[in-house]
Amino acid sequence: MVNRSSKDKLALGVPKGSLQDSTLNLFARAGYNVTVSSRSYVPSIDDDRISVLMFRAQEMSRYVEDGVIDVGITGLDWIRENGSDVVEIAELVYSKQKLAPVRWVLAVADESQARKPEDLQGGIVATELVNVTNRYFKDRGLDVKVEFSWGATEVKARLLDGIVDVTETGSSLAANNLRILDTVMTSSTRLIANREAMKIEWKRQKTENIALLLKGAIEAREKVGLKMNCPRSSLGAVLGLLPAEKSPTVSALADENWVALEVIVEDRVERDLVPALKRAGAAGIITYPLNKVIP
């Protein structure tokens, strides 16, 4: 086995496949420019202390455990599936569609007589997540044959007794007329590291820096910055409209009758908040996107 790790560079594994675009976008927001060629599994990055390789999320934790790479991004589901002994640096709650964990669910066709997992006793279930699914049924004392699915798992719900498949919203299952019986596990993306690599001080610190910036980029994705000017006479009314848990920065202006305010708010409240602030007396209101929010 070729060991890509070295003393001079931190070998970082980025997932290829469904998580690829959202991961590269996250790195960009965190301040790392990762460039991927369509014909290469070796992207470039604008940090001369990092080398990047791309692997499927399903195999990432094995390569991290074996020291092929120092650090990698993969799902908790595949860490559990592979039984990998790695260091978990950070949970990064994002997926290809939204900022939320995904679920692996036990599902059957709508016309199935099964209403609970126990109804599949003696049956056959297809999934990519074979080891986790086997443990799920074993823990419940059920004798269910679990077969590996090479793809198109949803179709097999009508060929076999059921499937265990991953879902973010459940919309694809519903569109295929499938019904969820239970959640097998909930999974989110993790930044993981090789145990020996983390004994090297600069690699550990570099990895922790990456985690901090990635988490900051995730934190910023559903927030906006908000700036405005406000007459001192309206300050109480304007402050009363801002989210109670946020303490805005209030700065004096050249005109002593006015102040400047700056605050970070959830983007979902912006469209209702801005008109209300205007009516309360705020002026020169500016909203702007954020790349990172570091707590």
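The values are calculated or read from the model by the stated rules, or taken from the named source; none is laboratory data. Not measured: the values here are computed from a predicted model. Positions of Cβ are generated from backbone atoms using ideal geometry, with glycine treated the same way; all protein chains shown enter the neighbour counts.
Checking the structure you have, find out if any residue of the range 192-206 is under 30 Å from Glu128 (Cα atoms) and part of a strand (DSSP E or B). Yes, the range 192-206 contains at least one residue that is under 30 Å from Glu128 (Cα atoms) and part of a strand (DSSP E or B). Flag: Glu154 does not match the condition of being under 23 Å from Met60 (Cβ atoms) and not in a strand (DSSP E or B).
Which of the residues spanning the range 257-271 are in a strand (DSSP E or B) and closer than 16 Å to Gly284 by Cβ?
Taking the range 257-271 as the starting set, the residues that turn out to be in a strand (DSSP E or B) are 258-266.
Residues satisfying the conditions are Trp258, Val259, Ala260, Leu261, Glu262, Val263.
Would you confirm, using the coordinates I've provided, whether Arg279 is basic (Lys, Arg) and either under 28 Å from the mean Cα position of the chain (by Cα) or surrounded by 15 or more Cβ atoms within 10 Å (Cβ to Cβ) (or both)? So Arg279 does not fit the description; no. The residues in the range 29-49 that are in a loop (DSSP other than H, G, I, E, B) and β-branched (Val, Ile, Thr) can be counted, and the count is 2. The residue that is modelled with the highest pLDDT, among those in the range 50-97 that are more than 17 Å from Asn194 (Cα to Cα) and part of a loop (DSSP other than H, G, I, E, B), is Val93.
Quick one: in the range 120-151, of everything that is in a loop (DSSP other than H, G, I, E, B) and touching a strand residue (DSSP E or B) at 6+ places or on another chain (Cβ under 9 Å), which residue is farthest from Ala57 (Cα to Cα)? Walk me through how you get there before you give the answer.
Looking only at the range 120-151, we keep the residues that are in a loop (DSSP other than H, G, I, E, B), and these are 121-123, 128-129, 140-144, 149-151.
The next check asks that each one be touching a strand residue (DSSP E or B) at 6+ places or on another chain (Cβ under 9 Å); those that pass are 122-123, 128-129, 144, 149.
Numbers: Gly122: 31, Gly123: 29, Glu128: 12, Leu129: 12, Val144: 26, Ser149: 16 Å.
The qualifying residue farthest from Ala57 (Cα to Cα) is Gly122.
Checking the structure you have, find out if any residue of the range 74-89 is small (Gly, Ala, Ser) and over 27 Å from the mean Cα position of the chain (by Cα). Before the answer, list the steps.
Residues of the range 74-89 that are small (Gly, Ala, Ser), as a first pass: 75, 83-84.
Going one step further and asking which of them are over 27 Å from the mean Cα position of the chain (by Cα), we end up with none.
Scanning the range 74-89 turns up no residue that is small (Gly, Ala, Ser) and over 27 Å from the mean Cα position of the chain (by Cα).
The set of residues in the range 97-138 that are exposed (fewer than 14 other Cβ atoms within 10 Å of the Cβ), of a type in the set (D, E, K, R) and under 15 Å from Gly170 (Cβ atoms) contains only Asp110.
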